[in-house]
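The values are calculated or read from the model by the stated rules, or taken from the named source; none is laboratory data. All values derive from a computational prediction rather than experimental measurement. Here the Cβ is made from the backbone with ideal geometry for all residues, glycine too, and neighbour counts use every protein chain on show. Surface accessibility is based on the protein's heavy atoms, side chains included, excluding ligands, DNA and RNA. Shrake-Rupley method; radii C 1.70, N 1.55, O 1.52, S 1.80 Å.
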Amino acid sequence: MNMMNLPSKACVIGHPIKHSRSPLIQNFWLREHGLQGSYERVDVAPAELAEFLAELPATFRGCNVTVPHKEAVFRRVVADETARAVEAVNTVWVENGLLRGTNTDIYGFLANLDVGAPGWDGPSPPRVVILGAGGAARGIAYGLLQRGAESVAVVNRTASRADAIARALGDPVSAHDWDELDVLLHDCSLLVNATSLGMTGQPPLSIDLSPLRPDAVVTDIVYVPLETPLLAAARKQGNRTVDGLGMLLHQAAPGFEKWFGARPRVTDELRRLVVADIEAHP
Ligand code: NAP
């Protein structure tokens, strides 16, 4: 792609958008790589989405997409196989005049686990329990299947949403109620919280982790607070834990590479910058 003729900016769209930490991450990488360009927040109301996308190539190289637009953008761009599997797009770029989209949340989730809990997916294929059946849970279930999971149990308050994920992704993904959790945890090597429970301002996530095997890994995709009560409880009983901030950092890397042509690294310095921002504005 000839980048010379493209605008120098990228952005993140959502509604609301003012709390997005994507500009902090992307502008850190622009500075680190000594690149001209910038990355900004754009508040796009649902009724304005079609017009925004039609005009995007005149102003931006591409954009990240967050709540509530991931599914609507999926329907409006040329989506790759990953985005088609989860019917949601979080990264858009312009290629030969066309808007193309992918979903990097899945990559971000897996890269975070690879770094935070090396060996989590072996030697035996993972047996996974996912709490939650929203957009994030569906992507995570898909990613875990790609990585060879032997079973993926999706546990959700609203049964129809867990059923929908199990139907869309097929065997070995199954749908369950919360009252089955105790039994599921006995046999699980990876527990994922993909609900919003435990996030600052949301109800707590209180579950009994004692049935977990000592070698099970526990990860939470909520990252405010950084150590959620779930992770604190898992750490206390000796399980390996991985916080959700790395998912946010890693999912940002493929977009930067598409727009600005360099593969950025997720470093301790970047993590410290974002942690300081979370502490200042939880
Ligand atoms: P979503 O589509 O709104 O799904 C929310 C999920 O939480 C649903 O399964 C919902 O269950 C469950 N839930 C909410 N309140 C509940 C309650 N009181 N009791 C039981 N279950 C409850 O959201 P999402 O996009 O999947 O995101 C989920 C969380 O992940 C959010 O906190 C988001 O910030 C975080 N996230 C983090 C990253 C990252 O990079 N680390 C990326 C994406 C998302 P029902 O279906 O029964 O409502």
In nanometres, what is the gap between the two model label sites at ALA50 and ASN96, each 7 Å from Cα along Cα-to-Cβ? 2.6
Give me the net charge for the shell around GLY122: Cβ to Cβ below 12 angstrom, other residues only, Lys and Arg +1, Asp and Glu -1. -3
Relative contact order in percent for segment 80-145 (Cα pairs under 8 Å, 6+ apart) equals 32
Of HIS281, HIS33, which has the most accessible area with a 1.4 Å probe, and how do the rest follow in descending order? HIS281, HIS33
Using all C-alpha to C-alpha distances in the chain, build P(r) with 10 Å bins and read off the rounded percent in each one. 6, 29, 35, 22, 7, 1
In whole angstrom, and with the biggest value first, how far do the Cα coordinates of segment 67-187 range along each principal axis? 51, 33, 23
Relative contact order for the chain, counting Cα pairs under 8 Å that sit 6 or more residues apart, in percent: 16
Please sort by residue number the GluC sites (Glu not before Pro) in segment 222-276 whose DSSP state is loop and whose Cβ has at most 15 other Cβ atoms within 10 Å. GLU227
Per-residue counts of other Cβ atoms within 10 Å, averaged by peptide: what ranking do you get for 173-181, 87-95, highest first? 87-95, 173-181
With the dipole of the chain worked out from charges on the C-beta (+1 for Lys and Arg, -1 for Asp and Glu) around the Cα centre, which of PRO7, THR104, VAL192 lies farthest toward the positive end? PRO7
Using a probe of 1.4 angstrom, how much of the accessible area of the chain is carbon and sulfur, in percent? 51
Segment 230-282 and segment 206-226: distance between their alpha carbon centers, rounded to Å: 17
Mean Cβ neighbour count within 10 Å, used as a protection proxy, ranking 195-207, 101-113 highest first: 101-113, 195-207
When every protein chain stays in place and a 1.4 Å probe is rolled, VAL12, VAL275 sorted by accessible area with the largest first are VAL275, VAL12
Report, in whole Å, the centroid distance computed from the Cα atoms of segment 1-72 and segment 82-148. 21
Per residue, the convex hull volume that the Cα atoms of segment 107-243 enclose (Å³): 96
Could you compute the longest span of the chain free of trypsin sites (Lys or Arg not before Pro) located in DSSP loops and having at most 12 other Cβ atoms within 10 Å, not counting the site residues? 76-264
Give me the orientation-averaged projected area of the Cα convex hull of segment 1-122, in nm², one decimal. 8.7
